[in-house]
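The values are calculated or read from the model by the stated rules, or taken from the named source; none is laboratory data. This one's a predicted model, so the numbers in the text were calculated from it and none came from an experiment. Glycine also receives a Cβ, built like all others from the backbone with ideal geometry; neighbour counts cover every protein chain displayed. Ligands, DNA and RNA are stripped out before the accessible areas are found, and what is left, the full protein with its side chains, is counted by its heavy atoms. Shrake-Rupley method; radii C 1.70, N 1.55, O 1.52, S 1.80 Å.
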Amino acid sequence: MHTNNTAREPQEPDAIGDFWDQRYAGNETLWSGQPNATLVSETRELRPGRALDVGCGEGADALWLVAQGWHVTALDVSRVALERAARQAELAGAAIVGGAVRWLHAGLVEAALPAASFDLVSAQYPALLRTDENIAERALLAAVAPGGVLLIVHHPTPTAEEATAHGFDPDLYVSPAHVAALLDDDWRIDVNETRPRHVATGAGAHHTEDVVVRARRLR
């Protein structure tokens, strides 16, 4: 899920789902329909297991993971997005025989997922609200099983002018740096960098860089 928009996103959980439903409903498709390139490059060599796709949107990442043999829990706050994702899964048919997907209408924190239950937790451009207690960040970390991988990807922090133009306050949202700052000796950071991004279609196509954090939970 992305935060690039021209109307300020609400901060109350009940209103956030309505906001994203309206945004998806206003577009026949919102994203490119292709799995995020960083997800593909950073997970292709992993042994398939249980994956959590945070803010799955229209389902391209989840369906790619399933096609690789992963069993995926794909969550999003938008029912419209999840309905589109489920339709894409039906259309994919035999292409996703290797794994399975569960679509979950919930935010990350509200989902209250079992702790340490996923071999991969992927958060691609998530719109996770920050709190003084780092609740969302800790929910991401808690979901990863020992030996599992956390992958969080986001756009670089916008300038003040860019943020104002899009009605977006980056201080309200979790960034990869916020997550990386909480990683202790139980984790090994394998990637923490900004890299070029090349996407030709979809609402995020104007972004040219990604911030990528990939870490493995050691215990």
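Looking at this structure, is Gly107 touching a Lys or Arg at 6+ places or on another chain (Cβ under 8 Å), surrounded by 15 or more Cβ atoms within 10 Å (Cβ to Cβ) and either closer than 22 Å to Leu128 by Cα or among the basic types (Lys, Arg) (or both)? No. Against the numbered list (1) surrounded by fewer than 18 Cβ atoms within 10 Å (Cβ to Cβ); (2) part of a loop (DSSP other than H, G, I, E, B), Ala145 comes up short only at (2). Pairs linking a residue in region 120-142 that is closer than 12 Å to Leu52 by Cα to a residue that is of a type in the set (S, T, N, Q) and open to solvent by 20 Å² or more (accessible area, probe 1.4 Å), with Cβ atoms under 7 Å and 6 or more positions apart or on different chains, are Gln124/Asn36.
Collect the residues in region 188-214 that are at pLDDT 95 or above, touching a Leu at 6+ places or on another chain (Cβ under 7 Å) and surrounded by fewer than 18 Cβ atoms within 10 Å (Cβ to Cβ), keeping them in residue-number order. If the condition is that a residue be at pLDDT 95 or above, touching a Leu at 6+ places or on another chain (Cβ under 7 Å) and surrounded by fewer than 18 Cβ atoms within 10 Å (Cβ to Cβ), then Arg188, Ile189 are the ones that fit.
Take the conditions (1) open to solvent by 30 Å² or more (accessible area, probe 1.4 Å); (2) touching a Gly at 6+ places or on another chain (Cβ under 8 Å); (3) among the aliphatic types (A, V, I, L, M); Val72 misses just one of them, which is (1).
Checking Arg8, Arg47, Arg87, Arg23 one by one, the residue that is modelled with pLDDT under 85, of a type in the set (Lys, Arg) and surrounded by fewer than 16 Cβ atoms within 10 Å (Cβ to Cβ) is Arg8 and no other.
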